[in-house]
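Note sheet for the following structure.
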Amino acid sequence: MLAQEPVLFCRSYNGREAWCHNVSESTGMNEVKVYDNPMNKEVFQKEEQVLGRAMESLEKSDTSGMSEDPAFQVLVKEYGKLLRQSRRLVTMGDRMQHSLNRLNRDLIVSEERYRGIFENVSEGIYRCEPDGALLEANPAMAAMFGFRDQEEFLAQRSNIKQLFCSLDDYKQYESALAADGVKRQEMRACGPDNATLWLEISATSFCREGVEGAEDGIVGILTDVTERKMMLEEMCKLARTDSLTGLWNRGYFMELAKLEVARSARNRRSLSLLIMDVDYFKAVNDSHGHCIGDQALVALSRVLQASVRDVDIVARYGGEEFVVLLPDASREEACVVANRITGNIRSERIDCGVVRIPLTVSVGLTSLESGDDDLDGLLKFADIALYAAKKKGRDRVEVYRREPHCFPISRSAYAEEARLPGKGR
């Protein structure tokens, strides 16, 4: 007995026939997935043609003897439903195919646009595995490291870790990547011929869609900031150094000296300070001109630097005055250094190209003696000692001691004396 509800008559691949209530029952898939297969679409179209011809034949043939047969009526009714269902599936398939074609065109355009950017952008772009193994790099990245093309670059640099000169930079990169991605981290890289290359790196990890926690890899961008880095360093150097002598200038000396004095006071370590002034330097400028005077200061600066340790801080304090900070040096050790400086300058005539000028310096020395001393106090005491050296005949070293009335002369008193006729520094 035939069912009275809508049914679908299907023929399986092995030729056996079966009655089914709908497409899902016969195939195990919904109508969209059934039609999505190109083979099924062709079958539906053929069945539609066959059913169409069958309906035309039935309409033209003499069915007077069959019209009363209930089975025949059900069959005609179900064939009509099947025909309408087939037409709906064909329409649905056409729409789906149109959408797929449009998506495919958009995908091709997007891929071409991405490839154009990847190949022609000036920044380096890379893609790598979660463990850092490089998968892809663009031409700009290869050129950045001195290679002809991507293939040569990937053959020589198989892991992103090989690009980092500093292990600390790489650890910072890994930590940021594990958190929320790398955002404009500055790194030092090994460039062509092992030259230092300063880069700015941004990177992020991405996952396969629909697979939670499964990393697909890492994509990153590298920007060459070497020129900018060098310009910034040059600007910092210009802001910290004396333009004539190349020594630290007064402002930067004060920064460094404050840190050293605080460190020495905190750790109860020795520290000494020298202030020196070129004797009768005004006479040099008056006799030879300021150009020769400048050359003399430059030459004297070289002698001064050669007379102290690398850890000592040497600066031009202003005009013809210089300062030297001696970390971890006692008063006695500082006296040895100060006498070496005066001796070296005295024994070497300063070569200024067209003329060799004899110069001498007077030095004032003081040392850190208590935990409450600060830089201003040290400068004051060294300054008093300097002008005592001037008062006692110049070309000598005077040490400031804390005994009362050790130095009755003050800087202001000496300056007043220096302005008298026949006097000078």
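The values are calculated or read from the model by the stated rules, or taken from the named source; none is laboratory data. All figures in this text were calculated on a predicted structure; none of them were measured in a lab. All Cβ positions, glycine included, derive from the backbone under ideal geometry; neighbour counts span all protein chains shown.
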- Test: Glu332 is more than 41 Å from the chain's Cα centre (by Cα) and among the acidic types (Asp, Glu): yes
- Say we look at segment 107-148 and pick out the residues that are of a type in the set (Gly, Ala, Ser) and over 24 Å from the mean Cα position of the chain (by Cα); which of these is nearest to Arg184 (Cα to Cα)? Gly116
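Please determine whether any residue of segment 302-311 is outside any helix (DSSP H, G or I), crowded, with 18+ Cβ neighbours inside 10 Å and polar (S, T, N, Q).
yes
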- Yes/no for Trp198 being touching a strand residue (DSSP E or B) at 6+ places or on another chain (Cβ under 7 Å) and within 30 Å of Ile275 (Cα to Cα): no
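Restricting the search to segment 385-402, which residues are part of a helix (DSSP H, G or I) and either of a type in the set (D, E, K, R) or farther than 15 Å from Val323 by Cβ (or both)?
Going through segment 385-402, the residues part of a helix (DSSP H, G or I) turn out to be 385-391.
Within segment 385-402, Ala388, Lys390, Lys391 meet the criteria.
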- Note on the structure: Note on segment 345-365: residues at pLDDT below 95 and either in a helix (DSSP H, G or I) or buried (at least 23 other Cβ atoms within 10 Å of the Cβ) (or both) are Ile345, Arg346, Ser347
